[in-house]
Amino acid sequence: MVNNGQKKLPNFWTVTAVFCSMVLIPYYWIYAKVNIKVDGKVINVRAIDRQVAHILEANRIEYGPNDIITPELEQRLPPGQDISIVKVTEEIINSQDNLPYTVTQRDESRRNLRLVEIQRGYVGNRRRQIKINYHDQVEYTRQIVAEKIEKKPVYKLILKNSKGKIAREYDLTKAKSIRVVATSYYPYDPLCYPGGDGIHTCLGLVLRRGFVAVDPRVIPLRTRLYIPGYGYAYAADTGSAIKGKRIDLAVDNEAECDRFGKRAMKVYVLDRAEKW
């Protein structure tokens, strides 16, 4: 028999449902809220499972193997903490730049006719492969992963004026060159007679070191020359014995002529000029 004066108590499931609604609903809307920062945007989601990897998977958030994810995928996300994903990409670029002219050897001399300088050095270019690392499409680091330097030799003859300033430059790597047999002679050399007076060249110039007797069919008179081992020279004379690829180099005296003897030499043929 039911006592109508006694209130009926809620059953267990009713109490449980009320309790869950009072606890879980605020938790879901307040404590389960997660902000995911990716691609310059903030995505608001709800997550009961707090493992970072599961949150991203549940919300179909894509990421790459090199992306920086904070906190890490294996960690559980504390309430109130956001997830940040930095997209990491990289590219390889090729670059090329010219190397400045670099002098490795410089020799200056006044011994033959005028002040000259011989320069050896190189120019070239440098090729590089550079790896650029981007964080969210902004350059973060760059690293040289390969480098190749190509050097081209430079061999110069520089003529200077009386004040030591550059008057003319010759690129000997591009100049015409011939192989000759060289001998030498000197002022008042007995071999200069009877064809000459022993002191003047066929151009009427007083014989001095730096003048060269040539065969004009091979090397025209008034041609500037450079002869390694002898120096700067000027084709200013001829001789009855100087035929074909043979030259006679003016030296200072008989002793130097004896030391010189006969030898094979390379001659750089430059340009013709009225004065040396």
- Lone unmet requirement of (1) of a type in the set (S, T, N, Q); (2) within 30 Å of ARG209 (Cβ to Cβ); (3) outside the structural domain of LYS243 (by TED's automatic domain parsing) for ASN125: (2)
- Task: Give just the number: which of (1) touching a residue at least 12 places away in the same chain (Cβ under 8 Å); (2) exposed (fewer than 13 other Cβ atoms within 10 Å of the Cβ); (3) outside the structural domain of LYS131 (by TED's automatic domain parsing) does PRO65 not satisfy?
- Result: (1)
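Would you call LYS266 in contact with a Pro (Cβ under 9 Å, 6 or more places away or on another chain) and surrounded by fewer than 20 Cβ atoms within 10 Å (Cβ to Cβ)?
On the way: in contact with a Pro (Cβ under 9 Å, 6 or more places away or on another chain): yes; surrounded by fewer than 20 Cβ atoms within 10 Å (Cβ to Cβ): yes.
In short, yes.
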- Message: Filter segment 172-216 down to the residues that are surrounded by 17 or more Cβ atoms within 10 Å (Cβ to Cβ), under 52 Å from the mean Cα position of the chain (by Cα) and outside any loop (DSSP other than H, G, I, E, B) and list them by number.
- Response: VAL180, ALA182, THR183, SER184, TYR185, ARG209, PHE211, VAL212, ALA213
- Name the residue, out of LYS176, LYS165, that is in contact with a strand residue (DSSP E or B) (Cβ under 6 Å, 6 or more places away or on another chain) and either under 25 Å from LYS275 (Cβ atoms) or of a type in the set (Asp, Glu) (or both). LYS176
- Breaking point among (1) part of a loop (DSSP other than H, G, I, E, B); (2) more than 39 Å from the chain's Cα centre (by Cα); (3) on the phi < 0 side of the Ramachandran plot, for SER162: (2)
- Message: Can you confirm whether ARG106 is surrounded by 12 or more Cβ atoms within 10 Å (Cβ to Cβ), over 30 Å from LEU56 (Cα atoms), without any contact (Cβ under 8 Å) to a residue 40 or more places away in the chain and not β-branched (Val, Ile, Thr)?
- Response: yes
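The values are calculated or read from the model by the stated rules, or taken from the named source; none is laboratory data. In this text, all values refer to a predicted model and were calculated from it rather than measured experimentally. Because the Cβ atoms are built from the backbone with ideal geometry, glycine has one as well, and the counts that use them run over all protein chains shown.
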